[in-house]
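Worksheet: the structure to be examined is printed underneath.
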Amino acid sequence: MDAIECLYSRVSTRDFNDRPVSEDDLAKILDAAAAAPVGMCRYPDKHLTVVKNAAFLKAVTSKSPQTAGRRESPFYGAHTLVVVSSRMSDAPAIEYADAACIVYAMALAARAYGIASVYLWGFLKTVRADRELLDALCLPEGYSPVSALALGYTDEALKTFDAPRHSLTCNTVD
Ligand SMILES: Cc1cc2nc3c(=O)[nH]c(=O)nc-3n(C[C@H](O)[C@H](O)[C@H](O)COP(=O)(O)O)c2cc1C
C-alpha cells in the first residue's frame, strides 16, 4: 500500500474482534509514533502507555455512557490501547496538537500493517477525574493523558480507498 492509499484507507473502527495485536506489530506502531512532529521538538514531554489490562478497560467501560445496539464504549471491543500523555506546557493546547500528530502517525502505520484503529479522546476525561484509573496508568510524575488510539482487528477485511471519504471547506486568498 502506498502512502496516499494508506492516507485514504485509514478509517475509524468501532467493532473490534478478539484477535490480539502482535508484539512485533505493536512495536512498529510505537516506532511510527516517534516519527510524528512535536511542537518545539519537546519529545521528552511526551509519554506512551500501552494498555492491555482487561480490568482497566472494563473499569473504564463501566463508568462510560453506553448506546443501545452498539459495541460497548469507549473501546468497542478493542483489547489494546496506546495512551499518549504529556507534560502540560506554557503553550496553550500544544499538548493536544502534539498528541493528535502522534496518534495519527500510529493510526496510519496501523492501517499500513492491516490493523484497525480508532482515535479515542472522550474517555480520558473519565480517567483524569478518577484517581484510581489515573494511577492504574502508572504515568511518570507530571504527565497527563491527553489522547489515545485503540488497536485491533475486525471480522471483515479493512477496505482500501483511493479518494477522501470526507470533505473540508477551503478558500484561497490570492
Ligand atoms: C481529536 C479526535 C478525537 C476523537 N475522539 C473520539 C472518541 O472519543 N471516540 C470515538 O469513537 N471516535 C473519536 N474520534 C474519531 C472521529 O470520530 C473520526 O475520526 C471521524 O468521525 C471521521 O471518521 P474516520 O476516522 O472514519 O475518517 C476522534 C477523532 C479525533 C481526531
From fewest to most C-beta neighbours within 10 Å, the residues TYR153, TYR8, TYR43 line up as TYR43, TYR8, TYR153
Which residues does a label at TYR8 reach in the range 159-174, if reach means a backbone N under 20 Å from a point 7 Å past the Cα toward the Cβ? 159-170
Nearest 0.05, what FRET efficiency do PHE56 and HIS166 give at R0 = 45 Å with Cβ-Cβ as r? 0.90
DSSP H helices in the chain with Cα extent of 18 Å or more along the helix axis and mean Kyte-Doolittle hydropathy at least 1.0? 94-112
Where Lys and Arg each count +1 and Asp and Glu each count -1, what net charge lies around GLY69 among other residues with Cβ under 13 Å from its Cβ? +1
Cα centroid separation, the range 126-141 to the range 10-41 (Å): 21 Å
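With r defined as the distance between the Cβ atoms of ARG19 and ASP130 and R0 fixed at 25 Å, what FRET efficiency is calculated, to the nearest 0.05?
Efficiency, rounded to the nearest 0.05: 0.30.
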May I ask for the Kirkwood hydrodynamic radius of the range 33-109, worked out over all distinct Cα pairs and given in angstroms to one decimal? 14.1 Å
If the chain were replaced by its equivalent ellipsoid, with semi-axes equal to the square roots of 5 times the Cα gyration tensor eigenvalues, what would those be, largest first, whole Å? 24, 23, 16
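Every read-out reported here was derived from the displayed coordinates using simple, explicitly stated rules and does not represent laboratory data. Only a predicted model underlies this, so the values are computations on that prediction, with no experimental measurement involved. Cβ sites come from the backbone with ideal geometry, for glycine too, and all protein chains shown count toward neighbours.
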